[in-house]
Amino acid sequence: MLMKCQEIDSVVSTVSPDSDTVLFANRVDKTYPNGTHALDDVRLRIQRGEFVSLLGPSGCGKSTLLRMFAGLEMPSAGHLRWWNEPRMPDYRQGRSMAMVFQEATLMPWADVASNVRLPLDLCKAGVEEREARVAQALELVGLSKSHKSYPRELSGGMQMRVSIARALAMQPNLLLMDEPFGALDEFTRNKLDADLRALWANRDLTVVFVTHSIYEAVFLSSKVVVMGASPGRVIGEVDIEGPAVRDENFRVSPEFLHYCQVLSDLLTRANVEHD
Amino acid sequence: MMRKELLKDPRVVRIVAPFLVGIVLVGSWQIVCVAFKVPVYLVPTPLNILQTLIANFGSLFAALLVTLKITLLAFLCAVVLGVAMAFLLVQGRIIEVSLFPYAILLQVTPVVAIAPLIIIWVKSPTPALVVCATLVALFPIISNTVLGLRSVNPGLLNLFKLNRATRWQTLVRLRIPSALPYFFGGLRISCGLALIGAVVAEFVAGTGGSGAGLAYQILQAGFQLNIPLMFAALLLIATTGVALFSCMAWLTHLSLRHWHESEMG
Ligand SMILES: Nc1ncnc2c1ncn2[C@@H]1O[C@H](COP(=O)(O)OP(=O)(O)OP(=O)(O)O)[C@@H](O)[C@H]1O
Ligand SMILES: [Mg+2]
């Protein structure tokens, strides 16, 4: 009994939530009904205004963790906090959340504008406000001209941008993204990365971003959480102290390569230990 | 040059190709009948049939209207009941497993076998016939709509959950649109079945008089060995079936043309 208390004490002292904490995972475990141990003792604190990437090999539980943050999955043990509350708060100013899935996940029967408007329709925002926000979100992803198109008339990259616009229309304070650019070519991906980074810098926005790509993680993040597989767990956290405004030059800077090296080492070491 | 381009248009081809096949078939039918001097009481020529159709158009058309009325009423009932039952069935696994076997029972029971019962139970002829035809047309609507309401993209379902959509919002904005292609598939099968059900029920009921449908015309023509008249009535039934199907196909096209794969190209 005494030992248990001490143990929890030590955890709280290392990463304790404060008033700026947006997401907090304390000793989170996830075992799926079929017995897969997807996450083991995950502790994570994400502060307001951070851009956090979850980086790790396939099957290490990145999506599982993100889906838990989204409230789509329950932890088997441990607990989660959203803005220091035990349940995800209802939609309100300063505490809204949106998620971008790995696939575009658009409604094929609705045109682009209706797809982007969906979250606003569901939470019954003011009608005029909806139109304004949809237009603004489409402008941000550069798809204003396509608002009357149907999803099947768009390329994969455009569909993904619609999906991002749908999340942005909520004007979220917390944005969860599950490998949103995984299926795109490198050129488009780099461009969207830069856009996302600029967007994040200009607003009160916390991003949790899942990726396989070390380069993408370093380019985007203020912090990278490195994860290992079987069972999925957090291996380490690396703060990226790059320039505030990042452009293509950052991608070839010694700093950038240094961080890539650090992350790559961490990942390799985790896998060697595992073998 | 012009003609070649016209033939490349898929819409033109879709009308012209079956039409040509029809002309060839009917033409060879006429030629074979005339060449081999097939007697009219065995196989009438297309010209015979056309003449009979025109000569008896008044009575045939009146009979057609009766059959059509029963078909449409039954189809309407099947759609309303089928959709209502589908919504009921998808409310929960327990409801589905306890009720679905009875829906199947409905499907596998031959209408000819239960039509006499229904005709005895339901005294007035028109409702009795409508009930029989509805029974035939009901199942495809139920099974297709249930399948559709269940075939929702899980990613979209997550999106709705994430945005705290109510059950009602999820139904109206997600489940119903997802179910539409399946529902329309059900309509196409069901409209033909409603017609078949109506004709079969008329056969079993065998009611004559002023309110008699096309089946009665065929029965009468059979007794009188008036084969061309039988063919003329048959032609009307077949044409009605094709027309009903085309209506449904057109309705499907109107609702799905923007987004569903089945209506592309
Ligand atoms: N619904 C589920 N039921 C059972 N096991 C699951 C389920 N979802 C995921 N898993 C298992 O949990 C583990 C983690 O899966 P998860 O999808 O979180 O991995 P990931 O890190 O996102 O991988 P990837 O990078 O390939 O997307 C995997 O071993 C997977 O097989
Ligand atoms: Mg994943």
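Points to keep in mind about this one:
- Unmet requirement for residue A:96, which otherwise passes all of (1) at pLDDT below 90; (2) surrounded by 14 or more Cβ atoms within 10 Å (Cβ to Cβ); (3) within 16 Å of ligand 2 (Cβ to nearest atom); (4) among the polar types (S, T, N, Q): (3)
- None of A:221, A:253, A:230 is among the hydroxyl-bearing types (Ser, Thr, Tyr) and without any contact (Cβ under 8 Å) to a residue 12 or more places away in the chain except A:253.
- Being open to solvent by 10 Å² or more (accessible area, probe 1.4 Å) and either under 22 Å from residue A:266 (Cβ atoms) or within 12 Å of ligand 1 (Cβ to nearest atom) (or both) is a property that residue A:29 lacks.
- Residues in segment A:176-214 that are within 16 Å of ligand 1 (Cβ to nearest atom) and either hydroxyl-bearing (Ser, Thr, Tyr) or closer than 19 Å to residue A:269 by Cβ (or both): A:211, A:212, A:213, A:214.
- Meets criteria (without any contact (Cβ under 8 Å) to a residue 60 or more places away in the chain, away from ligand 1 (no atom under 16 Å from the Cβ) and either within 14 Å of chain B (Cβ to nearest Cβ) or not aliphatic (A, V, I, L, M) (or both)) for residue A:268: yes
- Looking only at segment A:171-221, and only at residues there that are more than 16 Å from ligand 2 (Cβ to nearest atom) and among the polar types (S, T, N, Q), the one that is surrounded by the fewest Cβ atoms within 10 Å (Cβ to Cβ): A:202
- Meets criteria (open to solvent by 100 Å² or more (accessible area, probe 1.4 Å), closer than 30 Å to residue B:215 by Cβ, outside any loop (DSSP other than H, G, I, E, B) and hydrophobic (A, V, I, L, M, F, W, C)) for residue B:15: no
- Across segment A:39-55, the number of residues qualifying as open to solvent by 10 Å² or more (accessible area, probe 1.4 Å) and in contact with a Phe, Trp or Tyr (Cβ under 7 Å, 6 or more places away or on another chain) comes to 1.
- Any hit, segment A:229-236, residues being more than 16 Å from ligand 2 (Cβ to nearest atom) and open to solvent by less than 10 Å² (accessible area, probe 1.4 Å): no
- Residue tally, condition within 12 Å of another protein chain (Cβ to nearest Cβ), in a loop (DSSP other than H, G, I, E, B), on the phi < 0 side of the Ramachandran plot and not charged (D, E, K, R), over segment A:78-132: 14
- Selection within segment A:37-72 - among the charged types (D, E, K, R) and near ligand 2 (Cβ under 10 Å from one of its atoms): A:62, A:67
- Looking only at segment A:133-154, and only at residues there that are more than 14 Å from every other protein chain (Cβ to nearest Cβ) and part of a loop (DSSP other than H, G, I, E, B), the one that is least open to solvent (accessible area, probe 1.4 Å): A:143
- Scanning segment A:38-55 for residues that are more than 12 Å from ligand 1 (Cβ to nearest atom) and assigned to a strand (DSSP E or B) yields a total of 9.
- The residue of segment B:29-42 that is nearest to the chain's Cα centre (by Cα), among those that are surrounded by 11 or more Cβ atoms within 10 Å (Cβ to Cβ) and modelled with pLDDT of 90 or more, is B:29.
- Residue match in segment B:211-230 (condition: more than 20 Å from residue B:55 (Cβ to Cβ) and not in a helix (DSSP H, G or I)): yes
- Hey, residue A:58 open to solvent by 30 Å² or more (accessible area, probe 1.4 Å), within 16 Å of ligand 1 (Cβ to nearest atom) and away from chain B (no Cβ under 14 Å) or not: yes
- Residue ID - farthest from residue A:169 (Cα to Cα), chosen from residues in segment A:61-77 that are within 14 Å of another protein chain (Cβ to nearest Cβ), part of a loop (DSSP other than H, G, I, E, B) and touching a residue at least 12 places away in the same chain (Cβ under 8 Å): A:73
The values are calculated or read from the model by the stated rules, or taken from the named source; none is laboratory data. Being a predicted model, the structure only gives us computed values, none of them experimental. So basically every Cβ, Gly included, is an ideal-geometry build from the backbone, and we count neighbours across all protein chains shown. Side chains included, ligands, DNA and RNA excluded: accessible areas come from the protein's heavy atoms. Shrake-Rupley method; radii C 1.70, N 1.55, O 1.52, S 1.80 Å.
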